[in-house]
Amino acid sequence: MQELNTKIEARGLNFYYGSVQALKNINIHIKERQITALIGPSGCGKSTFLRALNRTNELIPHTRTEGSVMLDGEEIYRPGLDVVGLRQRVGMVFQRPNPFPKSIYENVAFGPKVLGIYSRREIEEKVEKSLKAAALWSEVADRLHTSALNLTLGQQQRLCIARVLAVEPEVILMDEPCSALDPIATLKIEELMQELKKRYTIVIVTHNMQQAARTSDWAGFFLLGELLEYGPTADLFTRPKDKRTENYVTGRYG
Amino acid sequence: MEAKDKIIERILLLIAFSSISILGLIALFIFGEGLPLIWKVGPRAFILGERWVPSQGSFGILPMIVGSFWVTFGAILLGVPLGLACAIFLSEWTPPLIAMVLRPTIQLLAAIPSVIYGFWGLIILVPLVRNYLGGPGLSILSGSVILGFMILPTIISISEDSLRALPPYYKSGALALGATHWQAIWRVMVPAARSGIVASIILGMGRAIGETMAMIMILGNAVKMPTSFLDSARTLTTNIGIEMGYASGDHRQALFATGVILFLIIMILNSSAIALSRRRRS
């Protein structure tokens, strides 16, 4: 197996909601072009950690971050860092599909437009390319200019993925992307993730053990704000080092 | 208990209906008094006629309709950008402490009696316009500026509410895509709140068209077709306000007929505002 590059590294990361500490000394290396799954019971801090990676945590009032997160060796919490540029490099797909109340086309074109691309042809190309990469093109090609809110939830979520892809990020964060979807739509997203892995680093938060086992290369188990165990997915699920991890992945806990 | 509840329900129903029936009575009365004259003069001659000389029996209210639309248009031109900017600032940028001061202050603008606006306009604004821009000063421009301020509370509070009512994931979604805060507001949130914002503008127009006292004091009240923003003008409401005191016979009926036209315009504006806010909810 070839040597894997570290894409994101967190060192001693702490996060507080007011006086409540939600992340406790997180240290992790996330590998490039791999799927990393973050699992754990509700409220364990895994989504908070995900949001720490594109600095959307700080949009929540009365919160505080300590420690370090490096993207390609560059500190993303350094003062003066271009947060907008960071969020373009680290895209995010939310738990609930959240298309804008605009047409399908305008949803995907949003990213390129805020990047300052004005050429209509260039935007059209990006829209088509992104929708194809998100495996949605064939379903919507004939109704690009109808409202995105008329799509099924599964299609909406793939649209949100296409919207992220149009910004051409390096990392895609997914916060329980399938929790609002039915099994068939879930399967489509999972297939899509395998496809996207060839070009992007993916970090996914999931409550679904089978999904983590099926889709990810690396898995981290969070409990009460701590990263208890992290390693290759196969190891974490078959030979967990920590008793609490074993209890959780076998369904006896959480 | 059951019986008591029923009685209270009946009483409340009666009270609710009586307030609606007052609206019905007003409409009935205005239409009853005004419509006969419109038929007598002819709807076309009444609405499109340019001569208003009650003593000679000419009742054309086109100059007033045009005057009303000019001042309203001017007020919207000034009030909408200002109001929308305030609403965006209040909902997105204002620290809570400052918002606690700003919001009631803006509401206070609505509580100032219109005669005070008129007085202020007459003393401060009218001389400014006369000295720096020419014309009589008592003009559509002065009226529009005052009205623009008077409709601010309506536009600000309804636009701000509709911005605040948006699901938070529109904004977070846009920011996560690498949009700046302003891009998230202007490209996602404002378009998403569009129907509420348009409703606020329409309600503001309704308020502007209906304003009487301040306009009597500022517009100059000349009965002629306005040709520029510096011209003096008369609106539908000021026409009624000025002449009702001494009108009788056909003249009096013609003022009621003016009210009929005003009533219709405001009904159209309000029902389109309601229709828009319904569409927003569905």
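The values are calculated or read from the model by the stated rules, or taken from the named source; none is laboratory data. Predicted model, so just to flag it, every value in this text is computed and none were measured. All Cβ positions, even for glycine, are placed from backbone atoms using ideal geometry, and neighbour counts span all protein chains on display. In case anyone asks, the SASA skips ligands and DNA or RNA and just uses the protein heavy atoms, side chains included. Shrake-Rupley method; radii C 1.70, N 1.55, O 1.52, S 1.80 Å.
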Matching option when the condition is of a type in the set (D, E, K, R), within 14 Å of chain A (Cβ to nearest Cβ), open to solvent by 50 Å² or more (accessible area, probe 1.4 Å) and touching a helix residue (DSSP H, G or I) at 6+ places or on another chain (Cβ under 7 Å), among B:Lys171, B:Lys224: B:Lys171
For region B:229-251, name all the residues that are under 17 Å from B:Leu125 (Cβ atoms) and open to solvent by 40 Å² or more (accessible area, probe 1.4 Å). B:Phe229, B:Leu230
Condition set in contact with a Lys or Arg (Cβ under 6 Å, 6 or more places away or on another chain) and open to solvent by 20 Å² or more (accessible area, probe 1.4 Å), scope region A:168-191, selection nearest to A:Ile117 (Cα to Cα): answer is A:Glu170
Find the residue count for region B:192-250, including only residues that are among the hydrophobic types (A, V, I, L, M, F, W, C) and under 21 Å from B:Ser139 (Cβ atoms). 19
Matching residues in region A:48-93 (within 30 Å of A:Gly154 (Cα to Cα), at the interface with chain B (Cβ under 10 Å from one of its Cβ atoms) and not in a strand (DSSP E or B)) number 13
Can you find even one residue in region A:234-245 that is hydrophobic (A, V, I, L, M, F, W, C) and at pLDDT 95 or above? no
Would you point out which residue out of A:Glu124, A:Glu106 is out of contact with any helix residue (DSSP H, G or I) (no Cβ under 6 Å at 6 or more places or on another chain), buried (at least 17 other Cβ atoms within 10 Å of the Cβ) and either in a helix (DSSP H, G or I) or among the aliphatic types (A, V, I, L, M) (or both)? A:Glu106
Of the conditions (1) in a helix (DSSP H, G or I); (2) touching a residue at least 24 places away in the same chain (Cβ under 8 Å); (3) within 14 Å of another protein chain (Cβ to nearest Cβ), B:Leu122 satisfies every one except a single condition; which number is it? (3)
State all residues of region A:71-92 that are touching a strand residue (DSSP E or B) at 6+ places or on another chain (Cβ under 9 Å) and open to solvent by less than 20 Å² (accessible area, probe 1.4 Å); if no residue qualifies, say none. A:Leu71, A:Ile76, A:Leu86, A:Val90, A:Gly91, A:Met92
Six or more apart or on different chains, Cβ under 8 Å: which pairs go from a residue in region A:95-120 that's at the interface with chain B (Cβ under 7 Å from one of its Cβ atoms) to one that's of a type in the set (Asp, Glu) and buried (at least 16 other Cβ atoms within 10 Å of the Cβ)? Could you list them? A:Phe100/A:Glu106
Filter region B:175-204 down to the residues that are among the hydroxyl-bearing types (Ser, Thr, Tyr) and either in contact (Cβ under 8 Å) with a residue 60 or more places away in the chain or in contact with a Lys or Arg (Cβ under 7 Å, 6 or more places away or on another chain) (or both), then identify the one that is nearest to the other protein chains (Cβ to nearest Cβ). B:Ser195
All positions within region B:88-108 that are crowded, with 17+ Cβ neighbours inside 10 Å and either among the aliphatic types (A, V, I, L, M) or touching a Ser or Thr at 6+ places or on another chain (Cβ under 6 Å) (or both): B:Ile88, B:Leu90, B:Ile106
Region B:53-87, residues that are surrounded by fewer than 21 Cβ atoms within 10 Å (Cβ to Cβ) and in a strand (DSSP E or B): B:Val53, B:Ser58
How many residues does region A:53-70 contain that are open to solvent by less than 10 Å² (accessible area, probe 1.4 Å) and modelled with pLDDT of 95 or more? 2
Using beta carbons and a limit of 6 Å, which pairs, at least six apart or on different chains, have the first residue in region A:184-199 and closer than 15 Å to A:Cys160 by Cβ and the second one assigned to a loop (DSSP other than H, G, I, E, B)? A:Thr186/A:Cys178; A:Ile189/A:Pro177; A:Ile189/A:Cys178; A:Leu192/A:Ala135
Which condition number does B:Pro136 fail, the rest of (1) crowded, with 16+ Cβ neighbours inside 10 Å; (2) more than 9 Å from chain A (Cβ to nearest Cβ); (3) not small (Gly, Ala, Ser) being met? (1)
Every residue in region A:26-52 that is among the aliphatic types (A, V, I, L, M) and within 13 Å of A:Phe15 (Cα to Cα), please. A:Ile26, A:Leu50, A:Ala52
Among the residues in region A:201-212, are any more than 30 Å from A:Glu106 (Cα to Cα) and buried (at least 18 other Cβ atoms within 10 Å of the Cβ)? yes
Residues of region B:34-44 being surrounded by 17 or more Cβ atoms within 10 Å (Cβ to Cβ) and of a type outside the set (A, V, I, L, M, F, W, C), which ones? B:Gly34
